[in-house]
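Take a look at the structure below.
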Amino acid sequence: GGAGVSAALKLVLLAPNIDVSDVGEAHVAARWAEALSERVDLTVLAFQRPGRPPLATQLPKAEVVTWPEPTFLLRAERLNAMLKPGYPLLLRHVRRWMRDQAARGRRFDIAHQIMPLAARYPSPFCGLGVPYVLGPVGGTLPTPPGFVGEMGSAPWFTRLRALDAWRFRRDPWLRRTYADADLVLGVAPYIREALADIPLKRFEPMLELGIDALPPERPVRAGTGLGGAGLRLLHVGRAVRTKGLRDVIRALAQLSDLPDVTLTAIGDGEDLPRARDEAAALGVADRVTFCGRQPKEAVMAAYADADLFTFPSFREPTGGVLYEAMQMGLPIITTDYGGPAFITDQACAIRLPLSTPEALARDIAAAIRNLYHDPDRRAAMGAASRTRVAAEGLWPRKIDRLLGLYDEVLAARPDRNET
């Protein structure tokens, strides 16, 4: 398998930020870097953010090359996360460093740009003569037409998504970045469709997230259903319209004959006041507990306490919360679109079509009703959740698969087979 050929593989890994003490992309990149540093000869390239733990101490088994991240970029965090205004600077640093290494006679077997997650950034590895891998890239998922009317006002920079499709057709450097890549990893199969205008050498779907270990199996609560302890639904995610919290609340309002079905919602965001208002207006406020933002331990405790994970997000490129729910052995109600359609399968999830918000609320209600009356199916789905995440989500499995892909990339290159 991958390990034999890859033991002395010289890999250069790039992400704008790599920091295991951070959250989001920087944390995910650090997890990949940590795991890869155990298996290959790894060199890591990134910005060093002021005031954060030095990357060299976080990754003792890798060679670390960093450039100071410009502080003026850090004032507007959400804008910075979305737009990455410092990226062109990093691109220049990396190209200069790679050319400098080549001039000294140093070569790498493979280069991998693992972040940014959004697919709209050209790569500094393009045109340097080193085989390179991009991704897992995500984003660029359009809002289904039937839901556009409910989107309201999002921050202006989030509308840049609409430009992505145009750039995949027209931006020469971005097109070349993807066309020249030896392998493009996408967070889900829909990315291949998003890049359909570009002739890719090879595409593989791979979620950017992983898990360390499966927690101990939890017993399925027997006493659910009328006269028992009810059915406890859980929704976890930033409270923005796309994550589907309001759709679960609307579904709950259609289950007035099942008063012991309750919902716990974890997460904060601009849509939370609207979700509270909707719960009150629909007469289900007494059945919904809004917890706001919670620390990781509280979130994991909520998974352990729930019977059913409801996450009908209608524009979800990845869906890491699904992995969290699955490792805790929860049955899932989600949508058949974007990341959720890839992460889950029919054994562990009821995946609903997306046409209109009205239809989605009806479908969620029907799925909850079905599972309310069928504890055996819930138990089987929960077991299937754990099985699936164990097969695909554990870090060692993910790294094995990635090293296997590196080996295939190198074997496929004509210039490699002559030596």
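Count of the stretch 264-297 residues, restricted to those that are of a type in the set (Asp, Glu), part of a helix (DSSP H, G or I) and closer than 28 Å to PRO215 by Cβ, is 1.
The condition of being touching a strand residue (DSSP E or B) at 6+ places or on another chain (Cβ under 7 Å) and under 19 Å from ALA341 (Cα atoms) holds for only one of LEU183, LEU207, LEU200, that being LEU207. Each residue in the stretch 89-108 was checked for being closer than 19 Å to ASP415 by Cα and either polar (S, T, N, Q) or surrounded by fewer than 20 Cβ atoms within 10 Å (Cβ to Cβ) (or both), and 4 pass. Has the stretch 360-367 got at least one residue that is part of a helix (DSSP H, G or I) and closer than 24 Å to ILE211 by Cβ? No. Counting only residues that are of a type in the set (Asp, Glu) and at pLDDT 95 or above, the stretch 56-111 holds 3 of them.
Residues are listed down the side, and each one gets a yes or a no for (1) under 18 Å from the mean Cα position of the chain (by Cα); (2) buried (at least 20 other Cβ atoms within 10 Å of the Cβ); (3) at pLDDT 95 or above:
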position	(1), (2), (3)
THR334	yes, yes, yes
SER355	no, no, yes
LEU360	no, yes, yes
ILE364	no, yes, yes
ASP376	no, no, no
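Got at least one residue in the stretch 280-290 being surrounded by fewer than 19 Cβ atoms within 10 Å (Cβ to Cβ) and either among the charged types (D, E, K, R) or at pLDDT below 95 (or both)? Checking the stretch 280-290: at least one residue is surrounded by fewer than 19 Cβ atoms within 10 Å (Cβ to Cβ) and either among the charged types (D, E, K, R) or at pLDDT below 95 (or both). If the condition is being farther than 23 Å from TYR406 by Cβ and open to solvent by less than 50 Å² (accessible area, probe 1.4 Å), then the stretch 27-50 contributes PHE47, GLN48.
Answer yes or no as to whether ASP345 is closer than 25 Å to LEU134 by Cβ and touching a residue at least 40 places away in the same chain (Cβ under 8 Å). No.
Checked against the criteria, ALA391 does not count as open to solvent by 40 Å² or more (accessible area, probe 1.4 Å), assigned to a helix (DSSP H, G or I) and at pLDDT 95 or above. The residues in the stretch 244-263 that are under 32 Å from the mean Cα position of the chain (by Cα) and outside any helix (DSSP H, G or I) can be counted, and the count is 6. When GLY319 is tested against (1) under 23 Å from ILE249 (Cβ atoms); (2) open to solvent by 10 Å² or more (accessible area, probe 1.4 Å); (3) modelled with pLDDT under 95, only condition (2) is not met.
The values are calculated or read from the model by the stated rules, or taken from the named source; none is laboratory data. Everything numeric here is computed off the predicted structure, so don't read it as measured data. Because the Cβ atoms are built from the backbone with ideal geometry, glycine has one as well, and the counts that use them run over all protein chains shown. SASA here: full protein model, heavy atoms, side chains in, ligands and nucleic acids out. Shrake-Rupley method; radii C 1.70, N 1.55, O 1.52, S 1.80 Å.
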